[in-house]
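Below: one structure, written as structure tokens.
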Amino acid sequence: MSSLSAAGTSTGTGHAGRSRRDRAGRRRTLVPALLVPVMIASGFAMVAILPVALVVRGVLKDDRLRRLRPWAGVLAVAYLVPLALWAVHPDRAPSLTKDMHPAFAVGIIAAALAYVAAYVAEARRR
């Protein structure tokens, strides 16, 4: 177990000077991004707005994740297009999942997985 110095960096070995809090802060966008495809595929498309919002908020708030901002933007747009179409459609279904074309679902899932891949690539680069 490593101890933390006053500056909050790890003084132990194993994580190249990163503290647990530092790693956990960056994971705050990874877990919601992984939840998006699960929610879309399982029929909870309307509720998936929460993890999408958490991803966008996380990358905008954390400067260390600025390279992931375009990927988060793609995810947000991929989700917001079918949401907007559902909202303006006059005879919409009671559920976004039922009203969403399968191509939109595939696009959202692909955008979320692309964000996760970019996150992993960025984490390995550091």
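The values are calculated or read from the model by the stated rules, or taken from the named source; none is laboratory data. Predicted model only: the values in this text are computed from it and were never measured. Quick reminder, even Gly has a Cβ in these numbers, built from the backbone with ideal geometry, and neighbours come from all protein chains shown.
For every residue, the table says whether it meets (1) without any contact (Cβ under 8 Å) to a residue 12 or more places away in the chain; (2) in a helix (DSSP H, G or I); (3) closer than 16 Å to Leu35 by Cβ.
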residue	(1), (2), (3)
Val52	no, yes, yes
Arg69	yes, yes, no
Gly73	no, yes, no
Pro82	no, yes, no
Pro94	yes, no, no
Tyr115	no, yes, yes
Arg124	yes, yes, no
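For (1) under 19 Å from Ala41 (Cβ atoms); (2) hydrophobic (A, V, I, L, M, F, W, C), each residue gets a yes or a no:
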{"site": "Pro70", "(1), (2)": "no, no"}
{"site": "Leu83", "(1), (2)": "yes, yes"}
{"site": "Trp86", "(1), (2)": "yes, yes"}
{"site": "Phe104", "(1), (2)": "yes, yes"}
{"site": "Gly107", "(1), (2)": "yes, no"}
{"site": "Ala117", "(1), (2)": "yes, yes"}
{"site": "Arg126", "(1), (2)": "no, no"}
Any pair with Cβ under 6 angstrom, 6 or more apart, that starts in segment 29-41 at a residue that is hydrophobic (A, V, I, L, M, F, W, C) and ends at one that is outside any helix (DSSP H, G or I) and crowded, with 19+ Cβ neighbours inside 10 Å: Val36/Ala48; Met39/Ala48; Ile40/Ala48
Any hit, segment 91-109, residues being modelled with pLDDT of 95 or more, within 14 Å of the chain's Cα centre (by Cα), of a type outside the set (Gly, Ala, Ser) and at negative phi: yes
